[in-house]
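Visitor: Mind having a look at this structure? Questions to follow.
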């Protein structure tokens, strides 16, 4: 029984063709192979021959009528298997009828990532379970790309901490947990990877250490789910407890332990920009996760950040390459903006509803400096302390000033004034971190936005700063 007819084409690797509401996945460059066809809530097994799709069997995929959206991601030390796990999740969920398989090579797609064998930029994939639709961010683990990890993690509602049983917790495991807590990720799940390579006693020890580490960083080490498995085995199609079943257990834990967040859909929209590119013949597309509000086609908007204020409007909205008329807070999307050159866009800018936001480079902050044992400084901080400031998807040089004649010891909280090198969009309650010599040394929130300080032809250490209030 032919369901539909598709024009002749040559396929290489995995090809995705949209046929009305149908998505056809061809995994081989042959025309007589069996393939899988996803159509709404049914998962079809079909036969491809003579350019026709013939029905063989179908499987009903139980999906909630009101499916919710959640942003998750993989964090952890380099080479512990974050990207392999991401690929394994999509493979297992494809077999269950919920997803399209995204290979390791598709996730680590940049030439420099392929050459070095490490993830450099945060990468996004999508999948869904019976309960929810997920946008998944695969974060880099290498310490050299920590700012990309911060940018990726700032878009998450929950995180999967990946730790290899062969190594146990490592420096980036601890730093990623610290940053996740500071960014505001409240719920995590741990996946102990590569358990097929060590004895069970070693895995038990790694789990005990991870539960202690979770407690150290303010997470509940007792109730946090810890799943054991091998992402590589799952990716290879192994159906054992270490393979496919461990991925199913992981997704069940994510569904149950990471709650669907409450979104602000009433305030004017804000989209922190994580990336941008040009579509030939159409224009510039900015990418990010909508932080609040609802964005619609033809909305008037502004690009704000790094001393720039640029008026624009929304020409198109896409969610994972599908054009949509609107999107709500929490969605990872691309927005085609009118009249904006790619060179005018920097990661960290915000796309906002026109007239709803402004920029400033000065604010009061409640800040905490980490102790030496927490990975912070060993010496006190005085005024004119200049380091790198990270918030949302942006980072910039900043200056910290304390009350005259005072200093801040590691482990102390204080009220300070922070001046940024350029004007950015700031919100009261916005969290941030400060890093020095590739280490996180302070965390804080924006307490009160102050008038901008003039920095024209002036360096940060020379500018006149307002007095710090109590």
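The values are calculated or read from the model by the stated rules, or taken from the named source; none is laboratory data. Remember, it's a predicted structure, so these values are computed and weren't measured experimentally. All Cβ positions, even for glycine, are placed from backbone atoms using ideal geometry, and neighbour counts span all protein chains on display.
Visitor: Got a number for residues in the stretch 376-394 being surrounded by fewer than 20 Cβ atoms within 10 Å (Cβ to Cβ), in contact with a helix residue (DSSP H, G or I) (Cβ under 7 Å, 6 or more places away or on another chain) and in contact (Cβ under 8 Å) with a residue 40 or more places away in the chain?
Guide: Number satisfying all stated conditions: 2.
Visitor: Quick check on the stretch 166-184. Is at least one of its residues more than 24 Å from the chain's Cα centre (by Cα) and farther than 23 Å from residue 136 by Cα? If you could, list the steps in order and put the result at the bottom.
Guide: Looking only at the stretch 166-184, we keep the residues that are more than 24 Å from the chain's Cα centre (by Cα), and these are 166-167.
Still in the list and also farther than 23 Å from residue 136 by Cα: 166-167.
Yes, because at least one residue in the stretch 166-184 is more than 24 Å from the chain's Cα centre (by Cα) and farther than 23 Å from residue 136 by Cα.
Visitor: Now for a separate question. Mind checking which residues of the stretch 152-171 are in contact (Cβ under 8 Å) with a residue 40 or more places away in the chain and more than 27 Å from residue 446 (Cβ to Cβ)?
Guide: 160, 161, 162, 163, 164, 165, 167, 168, 169, 170, 171
Visitor: For the stretch 368-390, indicate whether the set of residues that are in the same structural domain as residue 451 (by TED's automatic domain parsing), in a strand (DSSP E or B) and more than 22 Å from residue 460 (Cα to Cα) is non-empty.
Guide: Looking through the stretch 368-390, none of the residues is in the same structural domain as residue 451 (by TED's automatic domain parsing), in a strand (DSSP E or B) and more than 22 Å from residue 460 (Cα to Cα).
Visitor: Of all residues in the stretch 401-453 being free of Cβ contacts under 8 Å to residues at least 60 places away in the same chain and at positive phi, which is surrounded by the most Cβ atoms within 10 Å (Cβ to Cβ)?
Guide: Per the stated criteria, the residue is 411.
Visitor: Six or more apart or on different chains, Cβ under 8 Å: which pairs go from a residue in the stretch 77-92 that's under 17 Å from residue 170 (Cα atoms) and not assigned by TED's automatic domain parsing to the domain that holds residue 251 to one that's modelled with pLDDT of 95 or more and buried (at least 24 other Cβ atoms within 10 Å of the Cβ)? Could you list them?
Guide: Filtered contacts from the stretch 77-92: no entries.
Visitor: Is it true that residue 418 is within 13 Å of residue 444 (Cβ to Cβ) and either part of a loop (DSSP other than H, G, I, E, B) or out of contact with any helix residue (DSSP H, G or I) (no Cβ under 9 Å at 6 or more places or on another chain) (or both)? Full working, then the answer.
Guide: On the way: within 13 Å of residue 444 (Cβ to Cβ): yes; either part of a loop (DSSP other than H, G, I, E, B) or out of contact with any helix residue (DSSP H, G or I) (no Cβ under 9 Å at 6 or more places or on another chain) (or both): yes.
Yes, satisfied.
Visitor: Filter the stretch 312-331 down to the residues that are farther than 21 Å from residue 298 by Cβ and surrounded by 17 or more Cβ atoms within 10 Å (Cβ to Cβ) and list them by number.
Guide: Across the stretch 312-331, the qualifying residue is only 330.
Visitor: Would you confirm whether any residue within the stretch 349-357 is buried (at least 20 other Cβ atoms within 10 Å of the Cβ), within 30 Å of residue 402 (Cα to Cα) and under 22 Å from the mean Cα position of the chain (by Cα)?
Guide: yes
Visitor: Where the second residue is part of a helix (DSSP H, G or I) and the first is without any contact (Cβ under 8 Å) to a residue 40 or more places away in the chain and lies in the stretch 338-349, which pairs have Cβ atoms under 8 Å and are six or more apart or on separate chains?
Guide: That search, which allows pairs on different chains as well, returns nothing.
Visitor: Shifting gears a bit: Of the residues 213, 205, 250, which single one is over 20 Å from residue 183 (Cα atoms) and touching a helix residue (DSSP H, G or I) at 6+ places or on another chain (Cβ under 9 Å)?
Guide: So the residue among 213, 205, 250 that is over 20 Å from residue 183 (Cα atoms) and touching a helix residue (DSSP H, G or I) at 6+ places or on another chain (Cβ under 9 Å) is 250.
Visitor: Across the stretch 227-251, what is the number of residues that are touching a residue at least 60 places away in the same chain (Cβ under 8 Å) and more than 16 Å from residue 87 (Cα to Cα)?
Guide: Count: 1.
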